[in-house]
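The structure appears below as structure tokens.
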Amino acid sequence: MRTRTLTLLAATVSAGLALTACGANSSGSGNSGNNSSASAPAGGGANGKVGVILPETATSARWEAFDKPMLQAALSAQGFSADIENAQGDNQKFSTLADGFISQGVKVLIIAPSDPAVGAAIEAKAKTAGIPVIDYDRPSLGGSADYYVSFDNEKVGELQAQGLADALKSKPGANVVQIEGAPTDNNATLFAAGHDKILKPLYDSGALKLVQKQAIDNWDAQVGGTTFEQIFTRVNGKVDGVLAANDELAGAVITVLKKNGLNGKVPVTGQDSTAAGLQAILRGDQTLTIFKPIKEEADNTAKLAAALAKGDKAAADAIATGKLHDPKNNRDLKSVLLTPQLITVKDIKTVVSAGYVKASAICTGDLAAKCTQYGIS
């Protein structure tokens with residue numbers, strides 16, 4: 001776990017925009033876990049009920065495929081009855097679900113809002129009701145959550161950028177396009193900060209050349225693909241490398257490269273170790289992805305919830321040893337900041353062995369031989 005203080009970079013707040021890059025560790029059952037209504041009475045487990053609100057399913061498979069069942073299991077192991085809902089990218093639904101949980105008097109509220117302003121408003125209501133809040137996966141800028149659990153998101157960006165830079169070492173002055181995540185998603189802002197930390201000095205020195213950097217609203221892969229194609233056409237196909245912020249955006253970029261006979265020739269980054277992303281790496285179309293073990297995120301969140309439900313601040317502080325600075329209200333948010341992992345073709349077996357993606361989901365057709373080559377089973 002990283003304990004250094006990270007500085008939250010302020011992102012533009014806008015209603016109705018969805019999710020982080022976070023991206024997805026996809027595959028597995030997408031419907032595991034409790035799907036009861038937020039209007040159900042509180043109670044259940046020995047430690048009472050916890051309300052969890054996830055952001056959406058449109059841009060990432062992770063929330064239903066991994067976060068939901070892993071949070072369900074982790075919270076149950078801590079003696080909670082967990083009601084895990086998904087707002088489906090609807091800020092009004094997110095707020096309504098939160099109001100329901102608050103009115104029930106849940107022991108702890110765990111939220112992953114698409115819009116930090118929505119999260120901050122919910123946290124203010126929960127604080128008035130005496131309900132502790134954990135920001136899950138992304139913080140609510142200007143909010144009042146008790147704790148935050150996520151990955152070191154600036155480090156994610158650094159790993160992506162360094163991986164791309166390494167892949168372009170043999171091409172001095174290579175042209176780079178950056179297809180970034182949603183401008184309203186603070187995690188995307190932190191990814192971009194990591195990208196800049198590595199790439200800006202290379203741009204300044206002329207080792208690489210930035211063609212264009214473009215944020216994509218809502219992490220919309222279709223928009224990302226269209227945007228990249230427009231850039232590609234404008235520069236007459238003179239693109240040597242693409243920093244795509246997650247696997248879905250990478251897939252859209254690869255589709256354009258494939259149409260122009262350049263897939264496998266232009267390095268492309270990704271994030272989340274999705275089945276599709278891992279297959280693209282096996283084919284040679286994608287250079288790397290980032291693996292974020294969501295089980296660790298879920299387990300730490302559940303442990304924090306158990307400490308908060310008991311009013312044991314010392315136990316909670318012992319878990320959340322990191323800090324994230326929120327400049328909107330000038331406070332340090334006590335945090336669990338987990339370590340992301342760079343995944344290239346030789347590392348895919350790590351993701352499979354950990355149980356996040358099944359070998360049968362990626363070792364299909366002509367990729368079976370590749371899986372054997374890299375010890376994926």
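Brief remarks on what is shown
- Degrees separating the helix 294-309 axis from the principal Cα axis of the chain, which is the longest one: 20 degrees
- Candidates per trypsin sites (Lys or Arg not before Pro) in segment 168-222, loop by DSSP, up to 13 other Cβ within 10 Å: 169
- A Gaussian network model of the chain, with springs between Cα atoms under 10 Å, assigns the largest mean-square fluctuation among 300, 260, 218 to 260.
- For the chain, the longest principal axis of the alpha carbon atoms and the long axis of helix 247-259 meet at an angle near 20°.
- Here the Karplus relation 6.51 cos²θ - 1.76 cosθ + 1.60, evaluated at θ = phi - 60°, turns the backbone of segment 234-241 into coupling constants of 4, 9, 6, x, 7, 10, 9, x Hz, with x for every Gly and Pro.
- Trypsin sites (Lys or Arg not before Pro) within segment 336-377: DSSP coil, no more than 14 neighbouring Cβ in 10 Å: 358
- In the full protein context, the chain carries 37 Å² of accessible surface per residue, based on a 1.4 Å probe and ignoring ligands, DNA and RNA.
- Among 142, 181, 355, residue whose mean-square fluctuation peaks in a GNM of the chain (springs only between Cα atoms under 10 Å): 355
- Dipole axis of the chain (+1 Lys, Arg; -1 Asp, Glu on Cβ), positive-most option in 281, 165, 113: 165
- Pairs beyond 25 Å (Cα-Cα), from 292/334; 49/125; 197/258; 295/370; 107/155: 197/258; 295/370; 107/155
- Computed over protein heavy atoms with a 1.4 Å probe, the carbon and sulfur contribution to the accessible area of segment 139-206 reaches 52%.
- Peptide packing for 114-120, 315-321 was compared via the average number of neighbouring C-beta atoms within 10 Å per residue; ordered from the highest value, the list is 114-120, 315-321.
- Rounded to the nearest 20 debye, the dipole magnitude of the chain is 700 debye, with +1 charges on Lys and Arg beta carbons, -1 on Asp and Glu beta carbons, and the Cα centre as origin.
- Across the protein chains, with a 1.4 Å probe defining accessible surface, the residues 351, 345 rank 345, 351 from largest area downward.
- Interchain or long-range residues, amide H under 5 Å from residue 88's placed H: 56, 57
The values are calculated or read from the model by the stated rules, or taken from the named source; none is laboratory data. Computed from a prediction, not measured in an experiment: that's the story for all the values here. Cβ: placed from backbone, ideal geometry, glycine included. Neighbour counts: every protein chain shown. Heads up: the accessible areas ignore ligands, DNA and RNA and are worked out on the full protein's heavy atoms, side chains in. Shrake-Rupley method; radii C 1.70, N 1.55, O 1.52, S 1.80 Å.
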